[in-house]
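Asks: Next up is a structure, given as structure tokens.
We did not get these values from a lab; they are worked out from the coordinates using the rules stated. Remember, predicted model here, so these are calculated numbers, not experimental data. Positions of Cβ are backbone-derived with ideal geometry, glycine not excepted, and every protein chain shown enters the neighbour counts.
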Amino acid sequence: MNKSLNRAYLPSFSPEMQIFELAEAAPSVLSIFSRLDIRLPFGDISVEQMCKREGYTTELFLALCSIHASENFQPCTERLTVEMLPEVIDYLRASHRYYAEKMLPHTSAHLQEILECCDNLSRSMLRRFYDDYMAYIVDHFRAEEEHLFSIIDNATVRRADLTLLDLPHDDIDDRSNDIASLIFKSLPEEAPTKLRIVTLEHIYALRDDLRRHNNVERYILKPLVDKYLTTSI
């Protein structure tokens, strides 16, 4: 993290760049538009103009884009303020809906195509693994919604279960890799390679997106909560 830049986003991003330039430089940021239900078309407007139009803080929006553009990016939080907390919570909630309503079912649909080519034992094993995986993720989201986000909403942060921000997310990675391993190694030859590859692409995309979701919580939400607690003493 380069504190000398004194910015919360990648040096290659700027408020003045056009939205098209941002998406062209980092296509992974397109999912942010979907989560936040940001309206098209953009024409030649800048990031700053779009944020003003949609009611988002430019600095925070670019920080979110930077985390999605680079898995290893850690924003300098000096320019992020506690007033951004509601926006961060709104984004994380929108991400939960994005996973629950789009990414998880979409991956499940591709998985189902493979299962139809499998014997009963392989079908049962893989279905159980994925259903357990989905339930684990949804339970994690529910815990955050009930014991963290809703309490921050009510400005009673001291009562929030802040340990949720410190929980390791390695288990989600492990479960993703277990499912991928089954598809790679254990399914019968009757399961077409083309279907396997498509499903694996979606599983790894989901895993990587969840990593970035965790980074938003770790590198933006947690520092802002800490700032809130410090300034409210």
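Asks: Using Cα pairs closer than 8 Å and at least 6 residues apart in sequence, work out the relative contact order for the chain, in percent.
Replies: Taking the mean separation of contacting Cα pairs over the length of the chain, I get 25 percent.
Asks: Whose amide H sits under 5 Å from the amide H of Thr57, counting only residues 5 or more places off or on another chain, with H placed in the peptide plane?
Replies: Correct list: empty.
Asks: With θ set to phi - 60° and the Karplus curve 6.51 cos²θ - 1.76 cosθ + 1.60, what are the ³J(HN,Hα) couplings of region 198-208 in order, to the nearest whole Hz, using x for Gly and Pro?
Replies: 4, 5, 4, 4, 6, 5, 5, 5, 5, 4, 5
Asks: Kindly write out, for region 211-228 in residue order, the coupling ³J(HN,Hα) from the Karplus curve 6.51 cos²θ - 1.76 cosθ + 1.60 (θ = phi - 60°), rounded to whole Hz, with x marking Gly and Pro.
Replies: Once rounded to whole Hz, the list reads 4, 5, 4, 4, 5, 4, 5, 6, 9, 10, 4, 4, x, 5, 5, 4, 4, 4.
Asks: Can you give the angle from 0 to 90° between the axis of helix 170-181 and the longest principal axis of the chain, with both taken from C-alpha atoms, to the nearest 10?
Replies: 30 degrees
Asks: Per DSSP helix of 4 or more residues, -39500 (n - 2.57); summed, then divided by the residues of the chain. What does that give at 222 nm, rounded to the nearest 500?
Replies: -18000 deg cm²/dmol
Asks: Report the number of Lys pairs in the chain whose alpha-carbons are under 29 Å apart, with separation of 8 or more residues or on distinct chains.
Replies: Close lysine pairs under the 29 Å cut-off: 10.
Asks: Using a 10 Å cut-off on Cβ atoms, rank the peptides 76-82, 215-221 from the highest mean neighbour count down.
Replies: With the highest mean Cβ count within 10 Å placed first, the list reads 215-221, 76-82.
Asks: Further question on the same structure: For region 112-125, in order, what is each residue's ³J(HN,Hα) by Karplus, 6.51 cos²θ - 1.76 cosθ + 1.60 with θ = phi - 60°, in whole Hz (x at glycine and Pro)?
Replies: Karplus-based 3J(HN,Hα) across region 112-125 equals 4, 4, 5, 4, 5, 9, 9, 6, 4, 5, 5, 4, 5, 5 Hz.
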